[in-house]
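Take a look at the structure set out below.
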Amino acid sequence: MDLSWADVERIIDGALREDTPGGDVTTNLLFDPEEQATGIFRAKARGVVAGLPVAERVFRKLDPLSRFTPRVKDGDPVAPGVELAQVVCRRRALLTGERVALNLMQRMSGIATQAAQFVAAVQGLPVTILDTRKTAPGLRMLDKYAVRVGGATNHRLTLSDLAMVKDNHIRLAGGIWPAVRKIRALAPPGLRIEVECANLNQVQEAIEAGADVIMLDNMMPSLLREAVHLINKRSQVEASGNITLETVRAVAETGVDFISVGRLTHSAPALDISMKVQ
């Protein structure tokens, strides 16, 4: 579950610039540069923790001599009151970095928690829970990492990773068949093509066009079953569209290979975490 540290540094730099354009005036006026303090991070709700290495980087950015000691690791389930980490550093660094570290870790832990819940909801069924590109602008690497921490799987990371023919592509290209044919003719070898389908007629066209993956968009379970039967393993099958924890198992039971869930990242509630000075 590796992170791109170049991306993490970029995100932290931007967050600190946003929060301290003229410095942390309260902290800098109250405390001398060399005074030390200890901060304790604790979970205030039940969930799956993610982002501890990111929080560590925040304090290291502000104080290269900071000592960050995790008490749990990313991916661990935690309960209210559990100590997550301890950081010892300059008071200025501790208080200036507190909100950035908490914002990032709370968001990431919320995503990991939601991902774990969806994975648990389909336990025992041969289906993979995927995320989408519905991530916070500038935070995609962290959002996608948190999904993996929660046990779900990343779909494409960027528009460069997969040719996904969606409804607007289909309209502008004149249909599924011409869109797939043109991509096949011009794409580099090995580029996979996924086609979004809203009805069985489009599914049949995507099969005939040779799509590698067929996405069944906003279909009820009864229609999903028909589509899976029609495809008959000639393509991999993904279900998508307004899937919730209450509906995901019924979708999985239709026989699809993948279920993509935008709410893993676009609306996961942040996990409540506190940082208190000891």
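The values are calculated or read from the model by the stated rules, or taken from the named source; none is laboratory data. Bear in mind the structure is a predicted one, so any value in this text is a computation, not a measurement. Methodologically, a virtual Cβ is constructed for each residue, glycine included, from the backbone with ideal geometry; neighbour enumeration extends over all protein chains shown. Heads up: the accessible areas ignore ligands, DNA and RNA and are worked out on the full protein's heavy atoms, side chains in. Shrake-Rupley method; radii C 1.70, N 1.55, O 1.52, S 1.80 Å.
Does LEU264 qualify as being farther than 16 Å from ALA121 by Cβ and either at pLDDT below 95 or crowded, with 17+ Cβ neighbours inside 10 Å (or both)? Lay out the reasoning, then the answer.
Values: farther than 16 Å from ALA121 by Cβ: no; either at pLDDT below 95 or crowded, with 17+ Cβ neighbours inside 10 Å (or both): yes.
Against the criterion (farther than 16 Å from ALA121 by Cβ and either at pLDDT below 95 or crowded, with 17+ Cβ neighbours inside 10 Å (or both)), LEU264 does not qualify.
If I filter segment 139-158 down to residues being among the polar types (S, T, N, Q) and assigned to a loop (DSSP other than H, G, I, E, B), which single residue comes out as nearest to GLN114 (Cα to Cα)? If you could, list the steps in order and put the result at the bottom.
From segment 139-158, those among the polar types (S, T, N, Q) are 153-154, 158; that's our starting set.
Those still in the list that are assigned to a loop (DSSP other than H, G, I, E, B) too: 154, 158.
Working: ASN154: 14, THR158: 22 Å.
Top of the filtered list is ASN154.
So which residues in segment 129-160 are of a type in the set (Ser, Thr, Tyr) and closer than 21 Å to PRO53 by Cα, if there are any at all? So that I can check it myself, show each step before the final result.
Restricting attention to segment 129-160, the residues satisfying the condition of being of a type in the set (Ser, Thr, Tyr) are 132, 135, 145, 153, 158, 160.
Selection gives THR135, TYR145, THR153.
Looking only at segment 53-73, count every residue that is assigned to a helix (DSSP H, G or I) and either over 16 Å from GLU9 (Cβ atoms) or in contact (Cβ under 8 Å) with a residue 60 or more places away in the chain (or both) and tell me the total. Steps first, please.
Just the residues of segment 53-73 that are assigned to a helix (DSSP H, G or I), to begin with: 53-62.
Next, only the ones that are either over 16 Å from GLU9 (Cβ atoms) or in contact (Cβ under 8 Å) with a residue 60 or more places away in the chain (or both) stay: 54.
Here the count works out to 1.
Among the residues of segment 105-143, which ones are in contact (Cβ under 8 Å) with a residue 40 or more places away in the chain and among the charged types (D, E, K, R)?
Residues satisfying the conditions are ARG107, ASP131, LYS134, ASP143.
With (1) farther than 30 Å from SER260 by Cβ; (2) open to solvent by 60 Å² or more (accessible area, probe 1.4 Å); (3) in contact (Cβ under 8 Å) with a residue 12 or more places away in the chain; (4) not β-branched (Val, Ile, Thr) as the list, and LEU29 as the residue in question, which single condition is left unmet?
(3)
Inspect all residues belonging to segment 74-87 and state whether any of them is surrounded by fewer than 22 Cβ atoms within 10 Å (Cβ to Cβ), among the β-branched types (Val, Ile, Thr) and more than 22 Å from GLY110 (Cβ to Cβ).
no
Yes or no: segment 172-192 includes at least one residue that is charged (D, E, K, R), in a strand (DSSP E or B) and under 28 Å from the mean Cα position of the chain (by Cα). I'd like the intermediate steps shown before the answer.
So the first thing to find is which residues in segment 172-192 are charged (D, E, K, R), and the list is 181-182, 184, 192.
Now narrow it down to the ones that are in a strand (DSSP E or B): none.
No, every residue in segment 172-192 fails to be charged (D, E, K, R), in a strand (DSSP E or B) and under 28 Å from the mean Cα position of the chain (by Cα).
If I filter segment 7-18 for residues that are out of contact with any Phe, Trp or Tyr (no Cβ under 8 Å at 6 or more places or on another chain) and modelled with pLDDT under 95, do I get at least one hit?
yes
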